[in-house]
1. Consider R277 carefully, then state whether it is basic (K, R) and within 23 Å of E122 (Cα to Cα).
2. From the list P254, P247, exactly one residue is modelled with pLDDT of 95 or more and under 26 Å from E205 (Cα atoms). Which is it?
3. Take the residues in region 278-327 that are among the acidic types (D, E) and closer than 16 Å to I155 by Cβ, then tell me which one is surrounded by the most Cβ atoms within 10 Å (Cβ to Cβ).
4. Among the residues of region 175-219, which ones are β-branched (V, I, T) and more than 10 Å from the ligand (Cβ to nearest atom)?
5. Identify, please: which residue in region 220-236 is within 15 Å of the ligand (Cβ to nearest atom) and aliphatic (A, V, I, L, M) and is, among those, farthest from L311 (Cα to Cα)?
6. Which members of region 147-199 meet the condition of being surrounded by fewer than 19 Cβ atoms within 10 Å (Cβ to Cβ), charged (D, E, K, R) and in contact with a helix residue (DSSP H, G or I) (Cβ under 9 Å, 6 or more places away or on another chain)?
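The values are calculated or read from the model by the stated rules, or taken from the named source; none is laboratory data. Bear in mind the structure is a predicted one, so any value in this text is a computation, not a measurement. Cβ placement follows ideal geometry from the backbone for every residue including glycine, while neighbour counts extend to all protein chains displayed.
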Amino acid sequence: DRLKDSKVYMRALFDYVPLEDKATPCQEAGLPFKRGDILQVVTQDDHTWWQAKRVGDSLFTLCLPPVFPACLPTEDCDCEGYFNGQYIAGLRRSFRLSRKDRQGSSGEGSDPGDSDYLTYEEVTRYQQRPNERPRLVVLIGSLGARINELKQRVIAENPHRFAVAVPHTTRPKKPHEKEGVEYHFVTKQQFDADALNNKFIEHGEYKENQYGTSIEAIRSVQAKNKMCVVDVQPEALRRLRTAEFKPYVIFVKPRVPESRRRQPLTPFEDEDLQEMRQSAAQIDQQYGHLVDRILVKEDSASACAELRGILERLERESFWVPLSWVR
Ligand code: 5GP
């Protein structure tokens, strides 16, 4: 009955293996979970341990470590007596990550739970209502994923429902281009001023010209009641993870074969694969806790079909979002 009453849901932001945690009061019954799992919290009576079940499991009340472990995982704390080494090492890693993540952040909606290290984020089911503006779809991709191409293809198939945010650039307009269609063409002076005023979710240089996507460009797509799809550097998630945009984050990574030793292979190809693997691992480690969905790209056509399916479901199904976005 208590379980039925509980409306507290948490998304775990780290992996937890109770059998490796000497401090748990219920090692065998402890609840193993992975980053991204949704946990329904049954009791929070005990400050040291909560009881919860994983959504989708029929198993009942298991233990999980609380939001604030009794001993904070700081550099000079050696709390192996309380939590086992691996667990502490994990928390320390998350702690460092979230601090790194914060650097340079303007503080808006940056860290889930506003906690000093990654533990849990309180979530709720959310479904876009017909009068609400569509959620923002954010694609982040690791090396080799070619997400711009993916984005353009899916939008071109259905331009009435989906659109890109038109970026700003300082490069000259080409004859076939129109202001406000391919780009907003601005002077370097204007671009620099906009960048200084934090107008861009991200910006960068390419062949000595500046390019950037503004918050306004996203808002203007949403104002037309279209679903805005952006592909950005994952750092931009700090600015975008707000109640206003309710971003649904898709991490696109290319399928990288484990080993191609049996196929003819040049050393160059091998290096490429290695770099692709590293790039995916790095994004996963730093930003994995902010990702709603991983799309493993086999080929362009199947990735497009999968992305189209996700966008369609976003409009008609409910998804877990941070509670702070709907309160
Ligand atoms: P082009 O000048 O050929 O239209 O674009 C050249 C390159 O500019 C693109 O391939 C892309 O790398 C970069 N670019 C285009 N839009 C943006 C943007 O909004 N932000 C950033 N950082 N780069 C962009």
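1. no
2. P247
3. E306
4. First, pick out the residues of region 175-219 that are β-branched (V, I, T): 181, 186-187, 201, 213, 215, 218.
If the condition is that a residue be β-branched (V, I, T) and more than 10 Å from the ligand (Cβ to nearest atom), then V181, V186, T187, I215, I218 are the ones that fit.
5. A236
6. Passing the criteria: E149, R153, E157, R161, K199.
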